[in-house]
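The values are calculated or read from the model by the stated rules, or taken from the named source; none is laboratory data. Computed from a predicted model, the values in this text were never measured in an experiment. Virtual Cβ from ideal backbone geometry, glycine too; neighbours counted across all protein chains shown.
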Amino acid sequence: MDLRKLKTLIDLVSESNISELEITEAEGKVRIVKGVPGMMAAPTMMMAAPSAAPVAAAAAAAPPPAALETTNEPAGRVVKSPMVGTFYRAASPGAKPFVELGDPIKEGEPICIIEAMKIMNEIEADCSGKILRMLCDNGQAVEFGQPLFIVE
């Protein structure tokens, strides 16, 4: 979603009587929640599955299959970061993490949060399976395409 459009939506919510707004478009779903005075609340933006263009770009940047065979990567599917930001395992400090090592997950289920530009982006699983490895620490800065989890 265009940042100008997102800022306009945030301004609209903050200046109106509505307390929550959710919009779904082809490139993702945005949910903006107005905080109660005295409480801290951040707008949230949940990203849909990446479009075909980023996947094609990632495939073009991938090493050749021969190079993959020589690495000691564990078997399983790699869940990668769809954006640059700060990785969080839970919705808030002290809250229960979305997933733990060995947890079963379903496609579309939230597995972590990546904070970018003060917006909390809930990252959903792009496949079903079991968490084999967690590759990021809580509060760690992550890059676009960086592996976050290995799913069986």
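Against the list (1) exposed (fewer than 15 other Cβ atoms within 10 Å of the Cβ); (2) within 23 Å of R31 (Cα to Cα), the condition F87 fails is (1).
When restricted to residues that are of a type in the set (S, T, Y), outside any strand (DSSP E or B) and closer than 18 Å to I131 by Cα, segment 73-96 contains 1. Just to be sure, is I131 closer than 30 Å to I10 by Cα, of a type in the set (V, I, T) and at pLDDT 90 or above? Spelling it out, it is not the case that I131 is closer than 30 Å to I10 by Cα, of a type in the set (V, I, T) and at pLDDT 90 or above.
For A66, are the conditions met, namely being at pLDDT below 90, exposed (fewer than 14 other Cβ atoms within 10 Å of the Cβ) and either assigned to a strand (DSSP E or B) or in contact with a Lys or Arg (Cβ under 9 Å, 6 or more places away or on another chain) (or both)? Answer is no for this residue.
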